[in-house]
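Quick notes on the structure that follows.
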Amino acid sequence: MGSLHSVPTPQRPTLSAQVARHLLDLICRESLKPGDAVPSEVQICKQLSVSRGSVREAYRTLAALGILEIESGRRPRLQPMSAHVLAQVFGYALNTAQVNAAHVIEMRRAIEVQGAQLAARHATDAQKRVLHELVQQMRSAHSDRDHARRMAADMAIHTTLAEASLNPLNSLLLTALRAPLEQLMHIDLGSRRSESDLMRIVDAHEAIVERVCSGDAVGAGVAMAMHFDLSVASISRVEQALLATDAQLTERAQP
């Protein structure tokens with residue numbers, strides 16, 4: 001039977017933290033996978049000779065981290081990895097000004113450039129067909145001035161590329177970084193971009209897809225980097241125009 005230290009010190013974690021560490025070690029030791037059950041709270045209480053409250057706190061902590069799924073009447077089970085928890089962390093960092101939008105875009109750029117290179121090597125024929133269809137949808141939506149449909153196709157292209165990279169962390173990080181950035185901006189920048197900016201963005205997506213589908217890893221990375229550089233420049237122009245408009249309105253409102 002295991003045992004845990006009962007008195008926390010600056011060097012020693014709390015009992016609930018020790019229980020959580022015990023569970024994580026058990027997951028590793030027994031090579032458990034998402035969907036597998038872990039010992040119940042009662043079992044852990046007996047194994048470690050600790051209170052039910054400490055064990056329950058440990059389980060809740062792991063559930064909040066997206067590791068455990070806890071349902072009444074069932075043994076806790078391991079969850080598949082999810083972008084939700086990471087998105088909350090990134091959102092918190094943005095909302096408290098520990099990072100800014102530029103930091104997020106820079107990180108996404110690095111991830112997606114490599115993701116495009118990997119997609120060029122690994123994309124299946126089915127994924128290539130989807131990418132071509134999404135480019136056509138994006139171009140059609142642009143012609144119809146349907147910004148919502150254009151943005152949906154835009155995001156679907158990036159999601160498909162991340163999946164085609166065969167690195168699950170690309171999809172995880174892409175989703176986690178995208179959600180808080182969109183919430184922070186509050187506005188649909190797409191509807192405020194110039195016609196030429198929007199056309200360049202559509203063309204940039206087509207260039208990425210063409211290089212990925214032709215198996216040109218180097219070209220795909222270059223095309224993705226150019227796309228991000230164009231997008232950042234476009235966003236900067238829109239934001240500057242909005243700031244100028246706000247300044248004019250403020251000046252007119254003054255007596």
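The values are calculated or read from the model by the stated rules, or taken from the named source; none is laboratory data. All figures in this text were calculated on a predicted structure; none of them were measured in a lab. Cβ atoms come from the backbone with ideal geometry, glycine included; neighbour counts cover every protein chain shown. The accessibility values were calculated without ligands, DNA or RNA, using every heavy atom of the protein model including side chains. Shrake-Rupley method; radii C 1.70, N 1.55, O 1.52, S 1.80 Å.
So the values come out like this:
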{"item": "Extreme residue, positive dipole direction of the range 24-82, given options A63, G53, L32 (C-beta unit charges)", "result": "G53"}
{"item": "Computed lengthening from T124 to A64, 0.36 nm per intervening residue step minus Cα-Cα distance", "result": "18.1 nm"}
{"item": "Debye, to nearest 20: dipole size of the range 1-137, +1 on Lys, Arg Cβ, -1 on Asp, Glu Cβ", "result": "240"}
{"item": "Relative contact order, percent, the range 1-151 [alpha-carbon distance under 8 Å, six or more residues apart]", "result": "16"}
{"item": "Label-point gap, in nm, between M107 and E30 - each point 7 angstrom along Cα→Cβ", "result": "3.3"}
{"item": "J(HN,Hα) series, the range 170-178, from Karplus relation 6.51 cos²θ - 1.76 cosθ + 1.60, nearest Hz, glycine and proline x", "result": "4, 5, 4, 6, 4, 5, 5, 7, 6"}
{"item": "Solvent-accessible ranking of V113, V130, largest area first, probe 1.4 Å", "result": "V130, V113"}
{"item": "Which of I105, I208 is most accessible, then next, and so on - probe 1.4 Å", "result": "I105, I208"}
